[in-house]
Amino acid sequence: MSTVTLAPTRSQLISSETEQLEEKLATLHLTGAPAPLQLGKSLDGFQKADLTPLIGTEFARGVQIVDLLKASNADDLIRDLAILVSQRGVVFFRDQELTIAEQKQLGTRLGELTGKPASSKLHIHPITAEGSEGGDEIRVITSKERNIQRATQDRAAPARAEKTGLSAANWHADITFEPVPSDYAILKIHTLPSFNGQVTGGDTLWALGYEVYDRLSPSFAKYLETLEAVHESRFFHQIAASLGRTVRDGERGSPGNVGPHLEAVHPVIRTNPVTGWKSVFVNPNHTKRIVGVTKDESDTILKYLYSLVQLNHDLQVRFKWEKNSVAIWDNRSAFHTATFDYGAETRTGDRVISLGEKPYFDPSSKSRREALGL
Ligand SMILES: O=C(O)CCC(=O)C(=O)O
Ligand SMILES: [Fe+2]
């Protein structure tokens, strides 16, 4: 006799803390003011180039973000910058003089000018030390911490560590374990590794989530639009412990992001409120399970969606950092992965992550290709 495998219920897949939090979130207004925005002309006078047809735009050397922030038409410039980032997935600047305070200001303004909920501020990462240098909202991205993190993750999840040594397993969108995850992230790298006396190594890659959606057949896409997935990153408890800290369980930048359970349920297909376009929204680092199907079905669907991100290099861009390069990406519709090809050398930068809306799927929204008539 064959065994009947049933799909667990939603309640069986998530913690009681997550269920309670969801009830509270339903009473808050966390979707912002969704209305697709048109890219204006304020940035037309600045020299820039698209790095690939689909994803990534780089501003010419000499353009300073701080000048945009201080310009008399700053609202127009920063709003158009946000729209550009949301359309292109990621935007780059070279030789930036941006201070930490200005980086935070930019993080705040990108979302404010594009309709994010008023209660969404800058993210405080669960493993950022209290009273850390640069403030709670700065996450120092450093190869030193990463080495500890990797060892801890391997100990915490030996099964996963055994499963793959492939670099492509590290593709992700940031902090999707939060009920109110990120709209924009800004990373400035100031210390880079070198090899044979030259600065090289530690490139970062991004992939366009809208295009991942556009690679699905219409019927499979329609099916995925009905699904939710559980995202969970309790491995941060072990990492915090190995760094001599505990997880930050107060408000992490939004009344929706509280508690130690580090778990959220999000739609598998998400509408980006700024472009109005649909994107695939699951990732190997944080997504544990699709709701309403068996584990085997969930594993199979997730693996396929990840392969579309990882194996389609025509929807990716690879960026070579220099000292004080800045990348700004939209975490709702782009994935990214760092490259660890530099051994024991130090690579360090500062990252600001701002929080956007609670993810939603709008059935009347369009795919990117559909919206652009492609
Ligand atoms: O170090 C990098 O290039 C990216 C690290 C990362 O995933 C992030 O900053 O969100
Ligand atoms: Fe990241």
- Query: Do any helices (runs of 4 or more DSSP H) lying entirely in region 1-74 carry at least 2 residues that are among the charged types (D, E, K, R), and which ones are they?
  - Reply: 16-26, 65-70
- Item | Positions within region 335-354 being modelled with pLDDT of 95 or more and more than 11 Å from ligand 1 (Cβ to nearest atom), in sequence order | S354
- region 123-142, residues that are open to solvent by less than 30 Å² (accessible area, probe 1.4 Å), touching a strand residue (DSSP E or B) at 6+ places or on another chain (Cβ under 8 Å) and more than 23 Å from R234 (Cβ to Cβ): I138
- Message: For the structure I just gave you, tell me whether L122 is modelled with pLDDT of 95 or more and within 15 Å of ligand 1 (Cβ to nearest atom).
- Response: yes
- State which residue is farthest from ligand 2 (Cβ to nearest atom) when the search covers only region 330-353 and only residues that are assigned to a loop (DSSP other than H, G, I, E, B) and of a type in the set (D, E, K, R). E345
- Sort through E232, E251 and tell me the only one that's within 15 Å of the chain's Cα centre (by Cα), surrounded by fewer than 23 Cβ atoms within 10 Å (Cβ to Cβ) and more than 16 Å from ligand 1 (Cβ to nearest atom). E232
- Look at A207 and say whether it is open to solvent by less than 20 Å² (accessible area, probe 1.4 Å), more than 11 Å from ligand 1 (Cβ to nearest atom) and closer than 19 Å to L302 by Cα. yes
- Given the conditions (1) under 15 Å from the mean Cα position of the chain (by Cα); (2) open to solvent by 20 Å² or more (accessible area, probe 1.4 Å); (3) under 17 Å from L315 (Cβ atoms), which single one is not true for F281? (2)
- Message: Checking the structure you have, find out if any residue of region 61-76 is of a type in the set (G, A, S), within 24 Å of the chain's Cα centre (by Cα) and open to solvent by less than 70 Å² (accessible area, probe 1.4 Å).
- Response: no
- Output the residues belonging to region 147-177 that are modelled with pLDDT of 70 or more and either under 30 Å from E357 (Cα atoms) or within 16 Å of ligand 2 (Cβ to nearest atom) (or both). S167, A168, A169, N170, W171, H172, A173, D174, I175, T176, F177
- Item | Q103 being modelled with pLDDT of 95 or more, in a helix (DSSP H, G or I), of a type in the set (S, T, N, Q) and over 27 Å from K278 (Cβ atoms) | yes
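The values are calculated or read from the model by the stated rules, or taken from the named source; none is laboratory data. What you are looking at is a predicted structure, and each value in this text was computed from that prediction instead of being measured. Counting neighbours? That spans all protein chains shown, and the Cβs are built from the backbone with ideal geometry, glycine included. Side chains are part of the model used for accessible areas, which takes the heavy atoms of the whole protein and leaves out ligands, DNA and RNA. Shrake-Rupley method; radii C 1.70, N 1.55, O 1.52, S 1.80 Å.
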